[in-house]
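Only one structure is covered here, and it is reproduced in the block below.
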Amino acid sequence: MATIKVDVRGENCPVPLVETRKALRKANPGDIIEIAGTHPASRKEIPFAAEALKLELLAVEGADDDWTIRIRR
Amino acid sequence: MDAERTTIVVQSGDYDKLYSALIIANGSLAMGMEVSLYFTFWGLQRLTQRGLERGPLSKMHFFGLGKWMVKRRMARAKVAPLERLLQDFKELGGRMLACEMPMAIMGIAKADPCQDLIDDYGAVGSYIKDARQSTVTLFI
């Protein structure tokens, strides 16, 4: 099982969400996607996507404008 | 169960409204939904002319000055260009449809350069068939 890193620091809506989805589509079941970003709304909304996709949200860490989120595919 | 679905009519060719359409479309795809964009009238014209970035602002365009200011601010905020949003839309499996009636009115041919982007052609029946199974439907 691999950890796939997605760096969307500095990117604005909707890029963090879209890049997360792209990485999830390419990942294998069990892989962990680790997203690093600075867009405040995405810190709240990427977990919405994990829920909608019925994936396990492992962690949401850091400040609103400098965060890391981990999702298991 | 089939995936939830978003269906959007893209009637406007205005720069800011194309942003609204593509951001909502890509957000839906990112959340695991299926998305169909029905391009008609001015939206279709923008698409076929490969001029998504060229549309005016729907408000405060001021002969291009308003748009120039908005674009500058968007670049500073690192907002992705429309062409990038369109590529993301295709990559995430979004469907694009062109309405045939305005094509006839506006002299748009199926051979025009947008053809590689268009997944299908249709009329109101195709839209309603999609829309009645959609949880999100918008007219932009």
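Here are a few things to note about the model shown:
- Breaking point among (1) more than 14 Å from every other protein chain (Cβ to nearest Cβ); (2) surrounded by 14 or more Cβ atoms within 10 Å (Cβ to Cβ), for B:ILE24: (1)
- Of everything in region B:115-140 that is within 14 Å of B:TYR38 (Cβ to Cβ) and out of contact with any strand residue (DSSP E or B) (no Cβ under 7 Å at 6 or more places or on another chain), the residue that is surrounded by the fewest Cβ atoms within 10 Å (Cβ to Cβ) is B:GLY125.
- Tabulated pairs, region B:92-105, first in contact (Cβ under 8 Å) with a residue 40 or more places away in the chain, second polar (S, T, N, Q) and assigned to a loop (DSSP other than H, G, I, E, B), C-beta under 7 angstrom, 6+ apart or interchain: B:CYS99/B:THR40; B:PRO102/B:THR40
- Entirely in chain A, the strands (runs of 3 or more DSSP E) that have 3 or more residues that are of a type in the set (Val, Ile, Thr): A:3-8, A:32-37, A:66-72
- Of the set (1) at pLDDT 90 or above; (2) away from every other protein chain (no Cβ under 14 Å); (3) not in a helix (DSSP H, G or I), all apply to B:SER126 but (3).
- Exclusive hit being touching a helix residue (DSSP H, G or I) at 6+ places or on another chain (Cβ under 7 Å) and within 10 Å of another protein chain (Cβ to nearest Cβ), set B:LEU57, B:LEU92, B:LEU82: B:LEU92
- Selection of region B:87-104 for residues being modelled with pLDDT of 95 or more, in a helix (DSSP H, G or I) and buried (at least 16 other Cβ atoms within 10 Å of the Cβ) yields B:ASP88, B:PHE89.
- Failed item in (1) modelled with pLDDT of 90 or more; (2) surrounded by fewer than 19 Cβ atoms within 10 Å (Cβ to Cβ), with B:MET60 passing the rest: (1)
- Filter result for A:PRO40 (at pLDDT 95 or above, touching a Gly at 6+ places or on another chain (Cβ under 6 Å) and on the phi < 0 side of the Ramachandran plot): no
- Region B:118-129 residues that are over 23 Å from B:GLU91 (Cα atoms), paired with ones that are among the basic types (Lys, Arg) and in a helix (DSSP H, G or I) (beta carbon under 8 Å, 6 or more apart): none
- None of B:LYS110, B:LYS67, B:LYS71 is over 17 Å from the mean Cα position of the chain (by Cα) and assigned to a loop (DSSP other than H, G, I, E, B) except B:LYS110.
The values are calculated or read from the model by the stated rules, or taken from the named source; none is laboratory data. Computed from a predicted structure; not experimentally measured. Backbone-built Cβ (ideal geometry, glycine too); neighbour counts: all protein chains shown.
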